[in-house]
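Read the figures in this text as sums done on the coordinates, not as results from a lab. Note that this is a predicted model, so its numbers are computed, not measured. Ideal geometry is used to build each Cβ from the backbone, glycine not excepted, and the neighbour counts take in all protein chains shown.
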Amino acid sequence: MARVDQPRSFQFWNAIAATPPDFNLDAGNYGLTIATGGFTSYQLQRLIPDGTGATYAPITAVVTTAGYTFIQLPAGQYRIVLVATAFIGLLEKIDVGRR
């Protein structure tokens, strides 16, 4: 199992039915793709560095459909909160080319 305290450029979930462990992400542009079967809702949240280690702020609205979302994220600790029966998703960093 991957360590959740190391920065990462992606996160993948496959057929999960409960909120998975928190994870860290590098700063950057990300694409969040969700393809599910029978889920109710999901939301990406970021841990706020307020000293408590328990305060999360929503990054996305609560979503109830499958789809793709483009998100600019600062480095930090995140979690995806869900009510699902077969959640499948991918959060991946999008490199922006130089001109």
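To the nearest 0.05, how large is the calculated FRET efficiency for Ala61 and Glu92 if R₀ is 22 Å and r is the Cβ-Cβ distance?
Rounded to the nearest 0.05, the efficiency is 0.65.
Can you compute the equivalent ellipsoid semi-axes for the range 11-94, i.e. the square root of 5 times each eigenvalue of the Cα gyration tensor, sorted largest first and rounded to whole Å?
20, 15, 11
Would you mind calculating the gained length between Phe70 and Ala15 on full extension (0.36 nm times residue separation, minus the Cα-Cα distance), in nm to one decimal?
17.6 nm
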